[in-house]
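Taking it in order: structure first as structure tokens, then the write-up.
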Amino acid sequence: MSVFNSMQISASGLTLERLKMDTISTNIANVNTTRTEDGGPYLRKEVVFEENLVDEKNKLTGTLGKRSMGVKVMGIEDNQDNIKLVYNPDHPDADENGYVTMPNVNMVDEMIALINAQRSYDANVTALNASKSMLKKALEISKG
């Protein structure tokens, strides 16, 4: 793996973690949204991603294999789990029995996910800086 590959992997991780933080922020902002454009409560969003594998021919053996190029986002999906009903007959979105369908956003879970994304982002920055430092040192060595 070259230094540039490691930088690309770190950059894809940075992009993913930034998207996760943006999605978590949207979830937190809509923690009390009981009515959306679709008519129901806000549904918690989750980023779906997978490893970005590319086919590569081994230069020594000539065999085909897979090489990781980081991660790629597959999309953002609504999570339908843990939707709760709260009895509040005075709420404008209450049904005929007085129950309001509330968003499935749990602030504690979102804050934990946000901290996790921030730490993963920091780890990717550290790895990217290490790659840059190695590349810079290699250029200094090649001058002398």
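Annotation note: Cβ proximity below 8 Å between a residue of the stretch 133-144 that is modelled with pLDDT under 85 and a residue that is loosely packed, with under 10 Cβ neighbours inside 10 Å and not in a helix (DSSP H, G or I) (sequence gap 6+ or interchain) occurs for no pair.
For the stretch 1-52, the set of residues classified as in a helix (DSSP H, G or I) and among the charged types (D, E, K, R) consists of Glu17, Arg18, Lys20, Asp22, listed by residue number. Within the stretch 47-97, restricting attention to residues that are among the aliphatic types (A, V, I, L, M) and within 20 Å of Asp22 (Cβ to Cβ), the residue that is surrounded by the most Cβ atoms within 10 Å (Cβ to Cβ) is Val47.
Considering the conditions (1) surrounded by fewer than 16 Cβ atoms within 10 Å (Cβ to Cβ); (2) within 25 Å of Gly98 (Cα to Cα); (3) under 14 Å from the mean Cα position of the chain (by Cα), Arg44 is excluded by exactly one of them, (1). Taking the criterion of being surrounded by 15 or more Cβ atoms within 10 Å (Cβ to Cβ), among the hydroxyl-bearing types (Ser, Thr, Tyr) and over 9 Å from the mean Cα position of the chain (by Cα), the residues of the stretch 4-25 that qualify are Ser6, Ser10, Ser12. If you go through the stretch 14-24 and keep only what is out of contact with any Ser or Thr (no Cβ under 7 Å at 6 or more places or on another chain) and either touching a residue at least 60 places away in the same chain (Cβ under 8 Å) or not hydroxyl-bearing (Ser, Thr, Tyr) (or both), you end up with Leu14, Leu16, Arg18, Leu19, Lys20, Met21, Asp22, Ile24. Within the stretch 40-68, residues that are among the basic types (Lys, Arg) and modelled with pLDDT of 90 or more sit with their Cβ atoms under 6 Å from residues that are surrounded by 10 or more Cβ atoms within 10 Å (Cβ to Cβ) and assigned to a strand (DSSP E or B), at 6+ positions apart or across chains, in these pairs: Lys45/Ile76.
The values are calculated or read from the model by the stated rules, or taken from the named source; none is laboratory data. Fair warning: this is a prediction, and the values are worked out from it, not measured in the lab. Don't worry about glycine lacking a Cβ; one is built from the backbone with ideal geometry, like all the others, and counts go over all protein chains shown.
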